[in-house]
Structures are given as structure tokens and as C-alpha cells.
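First the structure, then my questions, so here it is.
Each reported figure results from applying straightforward, stated rules to the coordinates on display, with no laboratory input. The structure presented is a predicted model; accordingly, all values stated were derived computationally and were not measured. Note that we place each Cβ from the backbone using ideal geometry, even for glycine, and neighbour counts take in every protein chain shown.
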Amino acid sequence: MKKRQKRLLLVLGSLAGVAVVAGLVLNAFRDNLVFFYTPSDIAAEIVPLERTFRIGGLVEDGSVRRAEDGVTVHFRVTDTAVAVPVVYHGILPNLFREGQGVVAVGSLQEGGVFKANQVMARHDETYMPPEAAEAIMRAQRDAAQTVGHPEGY
Amino acid sequence: MIAEIGLFALILALLLAIAQGTLPLIGAARGDAALMAVGRSAAYGQLVFLGIAYAMLTFAFVTDDFSIAYVANHSNSLLPTQYKISGVWGGHEGSLLLWVLILGFWSAAVATFSRSLPREVLARVLGVMGLIAVGFIGFTVFTSSPFERLLPAAIEGRDLNPMLQDPGLIIHPPMLYMGYVGFSVAFAFSIAALIGGRLDAAWARWSRPWTAVAWAFLTVGIGLGSWWAYYVLGWGGWWFWDPVENASFMPWLMGTALLHSLAVTEKRGSFKNWTVMLAILTFSLVLLAAFLVRSGVLTSVHAFAVDPERGVYLLAFMGIVVASSLTLFAWRAGKVGLGGSFGLVSRESALLTNNVLLAVSGAAVLLGTLYPLFLDAFGLGKISVGPPYFEAVFLPLMLPLLLLLGFGPRLRWKQDSPTEQLWRLRWIFAGSFVFGMIWPLFVGTWSFMAGIGAFLGLWIAGSALKDVIERIRPRAESQQTVGTRVRRLGRSYVGMQLAHIGVALVVVGITFVLGYDDERDVRMAVGETVEVGGYGFRLEALEEVEGPNFTADQATVVVYRNGERMTTLTPQMRRYFSQEQPMAQTSLHRGFFRDLYVNMGEELPDNAWVMRVYYKPYMNWVWAGAVLMGLGGFLSASDRRYRLRARREEELPVDRAAKDAATATG
């Protein structure tokens, strides 16, 4: 092979490699996006079953129940319009409280229960997880469109 | 008074930075020696004033001056002194002050250690560093001054976030910033070379040690961050692929590519444009990291929209830096010319492959980090890109890179015979494959992926060690003793091999901890025992204990191995006086082959708690690997040839390459 041919081969080889990798990256990207839905979205049945997604909202007052084993927890997440039952096996974040913002990652089971494999509360005392705030804002905006003024946020 | 002195010093530093960013550049363009000489004095002066500003803020922290808003928000009179000192960088404003102080330090270091540089080059490098300093000190003064007064003064401070009250925080940010900011030196060298129109092997030799040091700091900084998160966040995670981590990982990937590309430019004079491009990209990613972390855009895109001052400043700064350096690149790079040619199988092509793979990984992380932000910013929906994406992308990219890592460093420059090299490594390859496949049996249930991970680790370390042994082994034809041969290896070479062995440790550690960790969240009452990873954990007692600024529930957990008492762990759930937020303190038993990890979750009725009881095999191999990589970086930066360069400046790269081929070092 001449030098030029070799160089051409090298360039073509790396280009092909980059193309393969780019395809791989985009494919992985498409398969692993985690979408965000609000409890109202779930009630409206626009959420796919068996796919991982995130929900956000407030932990409904008086909804937290702990199972016999002490590790499984049931609670409900509300965006002030609709509440979704959630089940989680594990330790809740230190700042998980009734009436506070929460974000959960998991999937919707048969029967409309959201099985969370990760629960996130606010990081500190000053702010709500952005997605929890977003869920409430959307629910209140929807409510405002039919009833009157939103309350804030 | 203290705050005013601090702010005044900061403003003086800004003025000096402006002088440093303009006069030497003008001087270099006009050939005016006096103007060029301003660079060094301005750099030293800037460091002095930044040091004064920093000392003032530290003094305010130590003396509990709650009339300064930043101190009142991030300290408390009960805070232990070491955390008052490290609390200076516990928030946005103070960490920026640390950032600019470190930038001043790098500037002064360049001024001190680059005496041998041609006058014009030094002037241009310091000029570019000065312009960067103007950007960051300006940001601190105009948008994020830590010296703002609070009227009326607070009676008590709001305290430092308990998560930050930890030895890990004392060292993690300074290390990380040393790395981030250090890449500004490589950037400044590249820009200076573009301005001067001289991109040669000498330029690469000047930039290389600086890049290696910055890279080593960034490596250690990222490792420390991971080590800190592992026990502070309390659920045993050590890498989350969250945007803040990705922000530091992107410049690391690009910086790693830069380090390897510089090797080619120094030794062979090739890849010059690519190296300059990487230096620009690496520093741009550092600026992106500063933007992501410091603008508040990650907390919430909407919070950013409400108070956009900081974000817009950083975005504009990044835009100016990237646009002007790329324009300069487009204008000048054409004149650079190509270096020596090389064959299909050669050290150059191996390093090229390394660069392509690293750059693509960096791009993949960039996509996963920025895409959700873009969608959110334009109101196109909220998504997140979790670990599964990054894992799916990294595995296929890293496998060939790691395979190559056992092979590439042994290839000769220009042209090598693949069959010959493969033949020489046949036993290492076969041996590491066999032992790699057997190794997982000693850790847990055998799996092919774990075998592959162990194989790659053994392959990299094995071939590195074989190479070292071949070089120091006494030979019949030579009189040199092993001692002489060890001394003649050169720090650059030893550093490279150390760093590569560090990679091997990280690979093995990650493989086993991901494949074989055992994590249980269980209810434990006093007297109960759980079995995790072959260890018995028995909750002996629960009690209240008191610390300097908190009270805590403490659990006493005795660990048994084969029925014998092995150690006692005492995790706590702390309640800091000044915070509503309780904070779990993990208790760890670290070991060579595994960590035992116990953390308190929630209190349950009947004297019981939900506890996290984790078994983490080979966890410490990951940290040890990061430390070795860092050490390797520092060691190779201290190589003799970088100190002797003044005398050899005229030497042509081609001569050097020939000589290097003869001595076959690093």
C-alpha cells in the first residue's frame, strides 16, 4: 500500500468507527430517556405502562403507611388535583415529609400503583424539587383555566 | 472593616488582572520589553491581593462575623474551627473566591517556573491568563461578592450544610478547582502559540507538564468527590452521572485526550492542530462546568430565568472565550503544517484511537447532560437522562480503549509490526484472560462481564509491568546494573505506567463493586442480626450521644465473620442544632477486598430502625486507582527533560524523535 492509501484507510476507518459509535450513542439515548409526568397526566392515562418515568408533587397529608416489614412504604403523591398511590421498598430520604415536595422514579403497575425504585425529596430546607413544583404549577394552571386564578408559584 | 478590606483587595486584583491581560499582549505585539515584563509583576501582585481578600473572608469566618451575609449564611458560632476555615468555600460566593485565588496561584506559578520561556511567549501566556482572570474576578466582584454586608447583622449564623461538615469537603473543592483552573494554563499556552504563530515541539514540551499537573489534580479531585459522596450521602453510591459530576467528568475526558495528544506533538510534531483544538475544548468544558454549577441552571431552569444575572454573565464569558479562540484557531491553524507521517500500526495511531474514543465519550456525556436542560429551557418537556444511558454508551466505548491500553504504550513511533508486538504479549494476554475469568469465582457467582472486567484490569497492569521489567532487567550486552536502569527509566515513563496501572485498579474495582455488592435495607431491632455478604451484623444497642453542634441517635452494630466478632460499627443519625434537617452519619469498615457499610435510615416503633447494611467488594480499588493516576500525572510532570528544556530549545523535533526511539523512553 502506498502512504496515501494507508492514510485514506485510516481516515475512513476512524470515520466508520465514529459513525458506529454515534449510532450507538443515539440509540442508547433514545432508549434511556426518562420522561416526567404529573399525577394529572397519569389520571388522564397518557402515561405508558411498564416504562420508567418520573413523577413529582406533594406527599399527600396522612397518606404515608408503613408495611409490617418496616421497609415497604405506601404513600400518595398529589399535584393538588389528583393523587397517585406509590409503593416504595427502601429507606426514604431524610427530608421526606407529608405535605412536602417529592420526586419518584419508577413505573406504573397494573392497577394504577406507581412502583418507585428511587424517591427524592428536597436537598435542603430552602427549595422544593423543581419537578414537584412543576407538577403543582401545571395542575394549578389547568385548574385556573377552568375556575379562576392560580394561587401562586 | 474586614469585609471592606477584602472587597477592596479583590477590586485591586481585578485592576491588576486587567493590566496583566492587556499590557503584555500589546508589548509582545510591539516588541516592547517593558510592557511584556508587566505580566510577571501583575501576576504576583494579583496573587497577593487575592490572598488578602481570601484571608479576610477566612478571618471573618473564624471570628464569627455575622454582619457579612455570606458568613451568616454559611457558618455558625458552634461550628468546629476546621469547618469554619473550609466553610469559606462552602457556598457559591466563597467557592468563587477560592476559584480566583487558585487562578492567581496558577498565573504566579507560570510566572515563576517559566523563566526559560522566550519573552514573547511568556508575555502572551500571562496575558491570556490575565484575561481569564478578568472574567472570573469580574464575575465575583459584580455578581457574587462574598463581602456583602447584612444589615442588621445576624445574631447567629445559619450554619454550614451538615453534608459539608466533613473532612472530604475540606480537600475536595480545592483539588477539583486546581484541576479545573489548571487547564487554563494549557489553554493559555495554546492561544499564545496561535497568536505567535509558532506551534512547535517546544510549545508542546512547555504545555505538557502543566497539563499533566492540572489533569492529576482534576483526577484526584473527582476521586475525592466520589469518595466523599460515597459515605456522606449515605446510600453507598459513588458515581451518579448527575450533571454536577458530568460537569467535571467532561473536562477530565477531554483533558485526558489532550494529555495523550500532547505526547505525540512533543515527540513527533504531529497532531498540532488537534492538540490546540483539544486545549481549547478542554478549557471550554471547564467554563461550561462553571456555568452549569454556578448559574443555578441545574437547580431549576426557571430559577435561572428569574435571576439570570450570574448565568448570563458566565454564558457570555464562555461565548466570548470560545468564539474568540475558535476564530483565532481558524485564522492561524492553517499555517501550522503537518508533522511526521506515521503508519497504520504505530504509537501515533494508537494515541489517535485513544483520542477519538475519549472525545466521543466526552461528546456522549455532553449530550446526556445538556439535552434535558435544552428541552426544559425551551418548554419542550421535562426529561432526565439517567445512569442507564451513560452505562450503555460507556461500556462499548471503554472496552476497546482498555484493550488498546495494554498494547498501545508498547508500540513504536512511526511504524511497528502488530504481529511482533502481539506475539511478545501472548503470555500476558492468555494469562490475564485465564486469571481474569477465574477471579470472579473468588468474589461471588461467576459472570462473563465480571470476567471481562478482571481480564482487562490484569491485561493493562500485566503489560505495563512486563514493559517495566523488560527495561530494568540486566542484559548480557550491557554493564548497567538494575539500579542504574531503574534510575534511567525517566519519571515521565514511570508516571505513565503508574497512571495506567491506576486505570487497571479502577476497572477491576468498578467491575466487582457493580457486579457483587450486596445492599440491604432492613428493619433491625436491638438484638437482631442480619446476614449481608457473608457477614453477620448484630444491632447491640441504641443510644443518644452529643457532639459539638449536634445530638444524635447512635446504633452500635457488631459485625461477625464465621461466628467470630470482627469489628463494631457506630452509625449515627445526627440532628444539628441549627438545622431542621437530620443527617445520617455512615459507619464504615474499610478493607482491601471489601467495605462494610452501615447507615441509619428511619426510626420505627418498638426500639427498631430501618438500616442500610451494605457489602461493597473492591470499593477501595477505585479510590486507590484514582490516587495512582494522580500520582502518575504529578510524577510525569516532574520529568527532568521539562526542567532542562531551556538548553535544548533549538533542538529539532525530528532529532528528538530519533533519539527517543533510540532510548525508547515514555
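Output needed: percent of Cα pairs per 5 Å distance bin for segment B:406-531, bins running from 0 to the one holding the longest distance.
Computed distribution, short to long bins: 2, 10, 15, 15, 15, 13, 9, 7, 5, 3, 3, 2, 1, 1, 0.
Could I ask something else about it? At a temperature of 20 °C and a viscosity of 1.002 mPa s, determine how fast segment A:46-122 diffuses translationally according to Stokes-Einstein, using the Kirkwood radius over alpha-carbon pairs as Rh; express D in µm²/s, rounded to the nearest whole number. Spell out each step's value before the answer.
Details: Rh = 12.3 Å.
Once the numbers are plugged in, D ends up at 174 µm²/s.
What number, in percent, do you get for the relative contact order of segment B:350-477 if the mean sequence gap of Cα pairs under 8 Å and at least 6 apart is divided by its residue count?
Details: 82 pairs, mean separation 27.9, N = 128.
Once normalised by length, the contact order is 22 percent.
What ranking do B:74, A:89, B:260 get, fewest neighbouring Cβ atoms within 10 angstrom at the top? Mind showing how you got there, number by number?
Working: B:74 27, A:89 13, B:260 20.
In increasing order of surrounding Cβ atoms, one gets A:89, B:260, B:74.
Another one. R0 = 56 Å: FRET efficiency of residue B:607 with residue A:26, Cβ-based, nearest 0.05?
Result of the calculation: an efficiency of 0.55.
Ok, one more. What whole number of Å gives the distance from the Cα centroid of segment A:37-69 to the Cα centroid of segment B:527-583?
Computed from Cα coordinates, the inter-centre distance equals 33 Å.
Once you average over the residues of A:22-33, how many Cβ atoms of partner chains fall within 10 Å of each Cβ?
Values: counts 3, 0, 7, 12, 3, 2, 12, 9, 1, 3, 11, 11.
If you average over the peptide's residues, the count of other-chain Cβ atoms is 6.
I would also like to ask the following. What distance in nm separates the two pseudo spin-label positions at residue B:29 and residue B:383, each 7 Å out from Cα along the beta-carbon direction?
Going from the residue B:29 label point to the residue B:383 one covers 4.6 nm.
Output the peptides B:169-181, B:22-34, B:400-412 sorted from most to least packed, where packing is the average of other Cβ atoms within 10 Å over each peptide's residues.
Working: B:169-181: 22.8, B:22-34: 17.2, B:400-412: 18.9.
Descending mean neighbour count gives B:169-181, B:400-412, B:22-34.
Indicate the gyration tensor shape class of segment B:518-620 (rounded, prolate or oblate), computed on the Cα atoms with a ≥ b ≥ c the square roots of the eigenvalues: a/c under 1.5 is rounded; otherwise a/b larger than b/c is prolate and the rest oblate.
Numbers: a/c = 2.01, a/b = 1.52, b/c = 1.32.
Since a/c reaches 1.5 and a/b is larger than b/c, the shape of segment B:518-620 is classed as prolate.
Also, quick follow-up: Residues with beta-carbon under 12 Å from that of residue B:271, excluding residue B:271: net charge, scoring Lys, Arg +1 and Asp, Glu -1? List each step's numbers first, then the result.
Values: positive: B:267, B:268, B:272, B:347; negative: B:266, B:348.
That works out to +2.
Hey, another quick one. Mean separation of Cα pairs under 8 Å and 6+ residues apart, divided by the residue count of chain B: what relative contact order is that in percent? Can you show the working numbers first?
Details: 1185 pairs, mean separation 79.5, N = 666.
This gives 12 percent for chain B.
Another question, then. Suppose we take every Cα in chain B and form the convex hull; what volume per residue is that in Å³? Each step should come with its number before you reach the end.
On the way: hull volume 117.3 nm³, N = 666.
Dividing the Cα hull volume of chain B by its residues yields 176 Å³.
Given the rule -39500 (n - 2.57) for each run of at least 4 DSSP H residues, summed and divided by the residues of chain B, what is its mean residue ellipticity at 222 nm, to the nearest 500 deg cm²/dmol? Each step should come with its number before you reach the end.
Working: 22 runs with 421 residues, N = 666.
The helix contribution divided over chain B gives -21500 deg cm²/dmol.
For residue B:267, give me every one of the aspartates and glutamates with a C-alpha distance below 19 angstrom, ignoring sequence neighbours fewer than eight places off in its own chain.
B:200, B:348, B:416, B:639, B:649, B:650, B:651, B:655, B:660
Once fully extended, how much extra length lies between residue B:198 and residue B:580, figured as 0.36 nm per residue of separation less the alpha-carbon to alpha-carbon distance?
Details: separation 382, 0.36 × 382 = 137.52 nm, distance 5.95 nm.
Stretched out fully, the residue B:198 to residue B:580 stretch lengthens by 131.6 nm.
Starting from the exponent 0.38 and prefactor 2.2 Å, build the expected Rg for chain A from its residue count and divide its actual Cα Rg by it. Provide the component values of the computation, followed by the final result.
Details: Rg = 22.4 Å, N = 153, 2.2 N^0.38 = 14.9 Å.
The value comes to 1.50.
If you wrap a convex hull around the Cα atoms of segment B:223-266, how much volume per residue is inside, in Å³? Walk me through the intermediate numbers first.
Working: hull volume 2.8 nm³, N = 44.
For segment B:223-266, the hull spanned by Cα atoms encloses 63 Å³ per residue.
Once each part is reduced to its C-alpha centroid, what is the distance from segment A:73-124 to segment B:39-112 in angstrom?
If we compute the Cα centre of each part, the gap is 41 Å.
Continuing with the same structure: Work out the mean other chain Cβ neighbour count within 10 Å for the residues of B:381-394 and drop it here as an integer. Please report the intermediate quantities before stating the final value.
Details: counts 4, 11, 6, 10, 5, 7, 1, 6, 8, 3, 2, 7, 8, 1.
Neighbouring Cβ atoms belonging to other protein chains average 6 per residue here.
Applying 1/(1 + (r/R0)^6) with R0 = 51 Å to the Cβ-Cβ distance of residue B:15 and residue A:9, what FRET efficiency is obtained, to the nearest 0.05?
Details: r = 56 Å, r/R0 = 1.10.
With a Förster radius of 51 Å, E is 0.35.
I've got another one for you. Enter the mean number of other protein chain beta carbons within 10 Å of the beta carbon of each residue in A:63-74, as an integer.
Values: counts 0, 0, 0, 5, 1, 1, 4, 14, 9, 2, 2, 0.
The shielding value for this peptide is 3.
Between the helical axis of A:130-146 and the dominant principal axis of chain A, each derived from Cα atoms, what acute angle in degrees is found, rounded to the nearest 10?
Taking the Cα atoms of chain A, the angle to A:130-146 is about 60 degrees.
Right, something else. May I ask you to derive the relative contact order of segment B:1-160, considering only C-alpha pairs under 8 Å and at least 6 residues apart, and to give it as an integer percent?
Numbers: 273 pairs, mean separation 60.6, N = 160.
After rounding, I find 38 percent.
How big is the Cα convex hull of the protein assembly as shown in projection, averaged over all directions, in nm²? It would help to have the intermediate numbers written out before the result.
Values: hull surface 155.4 nm².
That works out to 38.9 nm², a quarter of the Cα hull's surface.
Another one. Kindly state, to the nearest 0.05, the FRET efficiency for residue A:72 paired with residue B:567, given R0 = 35 Å and r defined as their beta-carbon distance.
The calculated FRET efficiency here is 0.70.
Just order A:11-23, B:385-397 by mean Cβ neighbour count inside 10 Å, highest at the front, would you? Before the final figure, lay out the partial values.
On the way: A:11-23: 12.5, B:385-397: 18.1.
Ranking the peptides A:11-23, B:385-397 by packing returns B:385-397, A:11-23.
Using the alpha-carbon centroid of each, what span in Å lies between segment B:251-296 and segment B:188-221?
Here the two parts' Cα centres lie 9 Å apart.
For helix A:3-31, what angle does its Cα long axis make with the longest principal axis of chain A, in degrees from 0 to 90 and rounded to 10?
10
From the alpha carbon gyration tensor of segment B:1-160, can you work out the equivalent ellipsoid semi-axes (sqrt of 5 times each eigenvalue) and give them in Å, largest to smallest? Write down the numbers at each step before the final one.
Values: eigenvalues 248, 37, 21 Å².
Semi-axes from the Cα gyration tensor: 35, 14, 10 Å.
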